[in-house]
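Q: Please read through the structure below; I'll follow up with questions.
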There are 2 protein chains.
Amino acid sequence: MNNPCGQHQHPHRLIQQPLDELTDRLRRHSRRVTGPRQAILDVLRRHQTPMSNRDIHAALGQGCDLATVYRNLHTLEGVGLVRRFDLGDGAARFELVTPEDDGHHHHLVCTRCSLVVEIDDCFPPEFEQSLAQRHRFARISHRLEFFGVCSRCEAGESRPGPVEA
Amino acid sequence: MNNPCGQHQHPHRLIQQPLDELTDRLRRHSRRVTGPRQAILDVLRRHQTPMSNRDIHAALGQGCDLATVYRNLHTLEGVGLVRRFDLGDGAARFELVTPEDDGHHHHLVCTRCSLVVEIDDCFPPEFEQSLAQRHRFARISHRLEFFGVCSRCEAGESRPGPVEA
DNA sequence: CGGTTCTTGCAACCCGTTTGCAATCATGTG
DNA sequence: CACATGATTGCAAACGGGTTGCAAGAACCG
Ligand SMILES: [Mn+2]
Ligand SMILES: [Mn+2]
Ligand SMILES: [Zn+2]
Ligand SMILES: [Zn+2]
């Protein structure tokens, strides 16, 4: 409905960035292109919803140590290749970010089956700006996630594990 | 600016509920009025911003075990005396809730000094409703928190501990 | 007042995440 | 293309918020 916070001319999630482009970005930030890093990026580029460290580690199938996954996602976040999300359960999630897009967007999470729907909409930026002015805050940003029960779960077919409200 | 999600006729945070009223609410939910519970409620009623378990435990000054604080906040949340918030650092925060108000609101957090400003504004409910319809989700709700740098921190006087972005 | 049931304190434990350390590897330099 | 060197990895131990089993200690009811 609204323009997603100013950015988002295109649905970034449909794009699948080539792996070489990603590793190039790594090099440009003087980070080494290692096996684990390529593997992690490759896992991420073929997923459209945010993945946890554990998810990624599992998808890697014994490809590298869990600690390495944690360290690398931290690094990737630092270099801006990846964006961190907090969907309310205790675990951080990550999504690849395109160079032209800062990746700001939101999610709609099913509290029963943990299904995640990508949301591009956002409230108008004036809202946030007015808050910033009113309270004299600088460099303001926000974090917004939606929760509910997806149609399948509402219909009764509970399946996997739940999430908090 | 906007009507805060439909509720919030009054700035609930300015009210300081009498302790007896709170313990009465406990009894009405057939929960025992114990020392630790009164102490916790008393700490909460004289604070306007959300407190973590650790905060409360500290404010209690060795009044009761930390595990008891955790258990009681869980209980208090369950009976609707308290509302849980997630300000992005790993720790849950709690605020007292008035009987007429469900406590839904948001916060503006300084990423440098952790100052928390209470925010009553919210985007119009139609926004959320349209999302629910579009994705066929039921019982939809949201979690929204703002982050930025408060004027004091922006001016240079960094003081206590920071928070994530 | 006495019994029943709820609560508490304590210590052990869970889970996501971080970290120290020695071994290994990616890179640029010659 | 071989090397030196600092970045990166694997492993295991440590962390921090939070939970839990258990026996002792209250609330509350009659
Ligand atoms: Mn997403
Ligand atoms: Mn608040
Ligand atoms: Zn679902
Ligand atoms: Zn500040």
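The values are calculated or read from the model by the stated rules, or taken from the named source; none is laboratory data. Bear in mind that the values here come from a model prediction, so they are computed numbers and not experimental data. Cβ sites come from the backbone with ideal geometry, for glycine too, and all protein chains shown count toward neighbours.
Q: What's the number of the condition residue A:66 fails, among (1) surrounded by 13 or more Cβ atoms within 10 Å (Cβ to Cβ); (2) under 18 Å from residue A:97 (Cβ atoms)?
A: Failed condition: (2).
Q: Please list, ordered by first then second residue, the pairs with beta carbon atoms under 6 Å, 6 or more apart or interchain, first in the stretch A:24-44 and under 14 Å from residue A:80 (Cβ atoms) and in contact (Cβ under 8 Å) with a residue 60 or more places away in the chain, second among the aliphatic types (A, V, I, L, M) and surrounded by 15 or more Cβ atoms within 10 Å (Cβ to Cβ).
A: Pairs found: A:25/A:81.
Q: Taking only pairs six or more apart or across chains, which ones have beta-carbon atoms under 7 Å, a first residue in the stretch B:113-127 that is without any contact (Cβ under 8 Å) to a residue 24 or more places away in the chain, and a second residue that is assigned to a loop (DSSP other than H, G, I, E, B)?
A: If the second residue must be assigned to a loop (DSSP other than H, G, I, E, B), the pairs left are B:127/A:1; B:127/A:123.
Q: While we're on this one: Mind counting the residues in the stretch B:102-134 that are of a type outside the set (S, T, N, Q) and within 19 Å of residue A:124 (Cβ to Cβ)?
A: Result for the stretch B:102-134: 14.
Q: Restricting the search to the stretch A:43-69, which residues are under 22 Å from residue A:27 (Cβ atoms) and within 15 Å of the chain's Cα centre (by Cα)? It would help to see each step written out before you state the result.
A: Filtering the stretch A:43-69 for residues under 22 Å from residue A:27 (Cβ atoms) gives A:43-46, A:56, A:60, A:63-64, A:68-69.
Scanning the stretch A:43-69 gives A:43, A:44, A:45, A:46, A:56.
Q: State whether the residues of the stretch B:35-46 include one that is in contact with a helix residue (DSSP H, G or I) (Cβ under 8 Å, 6 or more places away or on another chain), in a strand (DSSP E or B) and more than 14 Å from DNA strand C (Cβ to nearest atom).
A: No, the stretch B:35-46 contains no residue that is in contact with a helix residue (DSSP H, G or I) (Cβ under 8 Å, 6 or more places away or on another chain), in a strand (DSSP E or B) and more than 14 Å from DNA strand C (Cβ to nearest atom).
Q: Taking the options A:86, A:42, A:102, A:55, name whichever one is of a type in the set (D, E, K, R), more than 16 Å from ligand 4 (Cβ to nearest atom) and at pLDDT below 95.
A: Every option except A:102 fails the conditions.
Q: Being within 16 Å of ligand 4 (Cβ to nearest atom) and crowded, with 20+ Cβ neighbours inside 10 Å, is that true of even one residue in the stretch B:130-139? I'd like the intermediate steps shown before the answer.
A: First, pick out the residues of the stretch B:130-139 that are within 16 Å of ligand 4 (Cβ to nearest atom): none.
Scanning the stretch B:130-139, I find no residue that is within 16 Å of ligand 4 (Cβ to nearest atom) and crowded, with 20+ Cβ neighbours inside 10 Å, so the answer is no.
Q: What is the one condition in (1) under 30 Å from residue B:153 (Cβ atoms); (2) under 16 Å from the mean Cα position of the chain (by Cα) that residue B:112 does not satisfy?
A: (2)
Q: Could you check how many residues of the stretch B:51-71 are part of a loop (DSSP other than H, G, I, E, B) and more than 10 Å from DNA strand C (Cβ to nearest atom)?
A: Result for the stretch B:51-71: 1.
Q: I've got another one for you. Kindly check whether there is at least one residue in the stretch B:72-93 that is assigned to a loop (DSSP other than H, G, I, E, B), crowded, with 20+ Cβ neighbours inside 10 Å and either within 14 Å of chain A (Cβ to nearest Cβ) or within 16 Å of ligand 3 (Cβ to nearest atom) (or both).
A: yes
Q: Being free of Cβ contacts under 8 Å to residues at least 40 places away in the same chain, facing chain B (nearest Cβ under 7 Å) and outside any strand (DSSP E or B) is the filter here, so list the residues in the stretch A:138-158 that pass it.
A: Scanning the stretch A:138-158 gives A:151, A:154.
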